[in-house]
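Written out below as structure tokens is the structure these notes cover.
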Amino acid sequence: MIFNSELSAQQQHTTSPVVTGGSVIALAYKGGVVIGTDTLCSYGSMAAFKNVEKIAQVSKNTIYVSSGEYSDFQQVVKELAKIDRSALQYDDGVHPSPRDYGNFLARLSYKKRCKINPLYLQNVIAGFHNGERYLALVDIYGTYLESNFVTTGFASYFCKAIISNYWNENCTLDQAKQVIRECFKVLFCRDCRAHDVIQLGYVDEQGVHVEQPERVETKWDFNGFKTRANEKLHTQ
Amino acid sequence: MLKHLYDTDCVTWSPQGKLFQVEYAMEAVKQGSICLGLKSNDHVVLCSLKRQPSELAGYQEKQFKIDDHMAIAIAGLTADARVLCKYMRTECLEYKYTYESHHPVGRLVFKVAEKSQHKTQSGAKRPYGVGLLVAGIDPNGVHLFETCPSGNYYEYKCQAIGSRSQAARTYFESWFHLFQKSNLEQLILHGLSAIKKAIMEDEELNEKNVEVGILGKNQKFTHLNAQELKNYIAQLETFNPNSQIQQE
């Protein structure tokens, strides 16, 4: 057998993702932050893994979700857990705050981007620390943005109008959850890689709460679909 | 008398279970001029006596800022102190670059202690000849640590190291129960009073040979300037810790 050692020594650069997770929507509400994501991992256009729970609890008061290459997500979860474990090593009771995780992830993403081998992810970190809620987006390039609402993937295109009209940063938890459910309803209609089962998770003063996956109500009997009023008929 | 048989290097134990090289290194700390630190619920104050090698020279600085929330006072070999200071500053900068927050104080002292211990377990190395008083404030609270050439570190309410530091420690033993609730001014006066106990009869405290650094929960590390030092030293004449007890 001939082993081509040159090939195995060559480092591959991530150019396109293989198994991908869908959109993530995160909203701050009065008293915390809630994140919603669907439970699908797509293999290209195939809906390959339909029961994936993607909300990772990184520490007592921080959750992390991302859309993009799922294996990169799994690796990042391990990296973030490493930081939390270092508190055990030093035995000094100091735990990273959500902002520490956010900044660390930004530095990591930026480093990988500089080597033209990015973590193919749009990351969302949410937490609650010292009475303050925290929500940030770290993108594939390492851009770090703190905000009261964050959307990734197709949600950035379809859902901002919904969020804009029905959400404000001081709404209740239930209101925020309802907005997210509406957004995923729309996404399921319009995004080919979306799924109708979603999972919500929220962080507040008491800590992290990740809910069981739920099926989003879908409605297909719109007049527009039935009568196809907006479509031009193809004639011979 | 047989000490010299076991004190050639760090990798030789004495029959009594001592590492003489490490103990000799601690002697170097005791030769340095005095520096002390004390803390309250909100502030840490570092005071040190600066030495002047000759009349033509300036005074040797003994307090160095590591980061906005942390500073050290040194006693012993200044060159070794410089190395540790640089290391601590680098670690703080790297932590800030990665996490955008301040390096936890205890953790950095632990790292320094690890570094120091490493030097005590090698045939080709010698221990650092400097003791540090590390003052810092982090979410865990207000801290004062002492590090040793041996690689040990301890957290203190107040501590003095260097030449004639026992006199200052004796002062602390009488009054440290007041420190926790003291305000900044009282804390500085306590520190200066303690240093005054440690100077020689023919020496006097003045704004040139004393260094006072302060760190507060809402205050970055700063040194008192010459005028402020003069004022505090003048207040020493009338400072009476007993009056602080009456207030409470």
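The values are calculated or read from the model by the stated rules, or taken from the named source; none is laboratory data. The model shown is predicted, which means the values in this text are computed figures rather than measured ones. As a convention, Cβ positions derive from the backbone with ideal geometry for all residues, glycine included, and neighbour counts pool all protein chains shown. Ligands, DNA and RNA are stripped out before the accessible areas are found, and what is left, the full protein with its side chains, is counted by its heavy atoms. Shrake-Rupley method; radii C 1.70, N 1.55, O 1.52, S 1.80 Å.
Determine whether A:Y110 is within 25 Å of A:A26 (Cα to Cα), away from chain B (no Cβ under 14 Å) and at pLDDT 95 or above. It is false that A:Y110 is within 25 Å of A:A26 (Cα to Cα), away from chain B (no Cβ under 14 Å) and at pLDDT 95 or above.
Listed here are the residues, each with its yes/no results for (1) away from chain A (no Cβ under 14 Å); (2) open to solvent by 70 Å² or more (accessible area, probe 1.4 Å); (3) over 28 Å from B:Y24 (Cβ atoms).
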{"residue": "B:V134", "(1), (2), (3)": "no, no, no"}
{"residue": "B:D138", "(1), (2), (3)": "no, no, yes"}
{"residue": "B:P149", "(1), (2), (3)": "yes, no, no"}
{"residue": "B:E155", "(1), (2), (3)": "no, yes, no"}
{"residue": "B:W175", "(1), (2), (3)": "yes, no, yes"}
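For A:F128, the criteria (1) more than 17 Å from the chain's Cα centre (by Cα); (2) open to solvent by less than 40 Å² (accessible area, probe 1.4 Å); (3) more than 13 Å from chain B (Cβ to nearest Cβ); (4) more than 22 Å from A:V34 (Cβ to Cβ) hold in every case but one, which is (4). When we screen B:N231, B:N240, B:N209 for residues that are over 25 Å from B:V142 (Cα atoms) and touching a residue at least 60 places away in the same chain (Cβ under 8 Å), the only hit is B:N209.
Taking region B:89-104, which residues are polar (S, T, N, Q) and open to solvent by less than 40 Å² (accessible area, probe 1.4 Å)? Before the answer, list the steps.
Quick first cut of region B:89-104, residues polar (S, T, N, Q) only: B:90, B:98, B:101.
Listed by number, the residues that qualify are B:T98, B:S101.
Residues in region A:88-104 that are more than 9 Å from every other protein chain (Cβ to nearest Cβ) and under 18 Å from A:G127 (Cα atoms) were compared, and the one that is most open to solvent (accessible area, probe 1.4 Å) is A:H95. Checking A:E53 against (1) closer than 25 Å to A:R215 by Cα; (2) open to solvent by less than 40 Å² (accessible area, probe 1.4 Å), which test does it fail? Unmet condition: (2). Of the helices (runs of 4 or more DSSP H) contained entirely in region A:117-234, those carrying at least 3 residues that are in contact with a strand residue (DSSP E or B) (Cβ under 6 Å, 6 or more places away or on another chain) fall at A:173-190.
Quick one: would you say B:V11 is open to solvent by 50 Å² or more (accessible area, probe 1.4 Å), of a type in the set (V, I, T) and either in contact (Cβ under 8 Å) with a residue 60 or more places away in the chain or more than 30 Å from B:K220 (Cβ to Cβ) (or both)? It is true that B:V11 is open to solvent by 50 Å² or more (accessible area, probe 1.4 Å), of a type in the set (V, I, T) and either in contact (Cβ under 8 Å) with a residue 60 or more places away in the chain or more than 30 Å from B:K220 (Cβ to Cβ) (or both). Just checking, does region B:19-36 include any residue being over 22 Å from B:L144 (Cβ atoms), surrounded by fewer than 20 Cβ atoms within 10 Å (Cβ to Cβ) and of a type in the set (D, E)? Within region B:19-36 (the criterion being over 22 Å from B:L144 (Cβ atoms), surrounded by fewer than 20 Cβ atoms within 10 Å (Cβ to Cβ) and of a type in the set (D, E)), the answer is yes, since at least one residue qualifies. Does B:A168 satisfy the criteria of being open to solvent by less than 30 Å² (accessible area, probe 1.4 Å), in contact (Cβ under 8 Å) with a residue 12 or more places away in the chain, closer than 16 Å to B:C35 by Cα and touching a helix residue (DSSP H, G or I) at 6+ places or on another chain (Cβ under 6 Å)? It is true that B:A168 is open to solvent by less than 30 Å² (accessible area, probe 1.4 Å), in contact (Cβ under 8 Å) with a residue 12 or more places away in the chain, closer than 16 Å to B:C35 by Cα and touching a helix residue (DSSP H, G or I) at 6+ places or on another chain (Cβ under 6 Å). For B:Q52, the requirement of being of a type outside the set (S, T, Y), more than 16 Å from B:K220 (Cβ to Cβ) and either in a loop (DSSP other than H, G, I, E, B) or within 14 Å of chain A (Cβ to nearest Cβ) (or both) is met. Taking the conditions (1) surrounded by 15 or more Cβ atoms within 10 Å (Cβ to Cβ); (2) away from chain A (no Cβ under 14 Å); (3) not in a strand (DSSP E or B) in turn, B:A75 satisfies each one other than (3).
Determine, yes or no, whether B:Q180 is out of contact with any helix residue (DSSP H, G or I) (no Cβ under 7 Å at 6 or more places or on another chain), closer than 29 Å to B:S193 by Cβ, of a type in the set (S, T, N, Q) and surrounded by fewer than 23 Cβ atoms within 10 Å (Cβ to Cβ). It would help to see each step written out before you state the result.
Numbers: out of contact with any helix residue (DSSP H, G or I) (no Cβ under 7 Å at 6 or more places or on another chain): yes; closer than 29 Å to B:S193 by Cβ: yes; of a type in the set (S, T, N, Q): yes; surrounded by fewer than 23 Cβ atoms within 10 Å (Cβ to Cβ): yes.
Taking the combined requirement at face value, the residue satisfies it.
Of the residues screened, A:Y110 is not one that is within 30 Å of A:S45 (Cα to Cα) and within 17 Å of the chain's Cα centre (by Cα).
Residues in region B:86-110 that are at the interface with chain A (Cβ under 9 Å from one of its Cβ atoms) and among the basic types (K, R): B:R107 alone.
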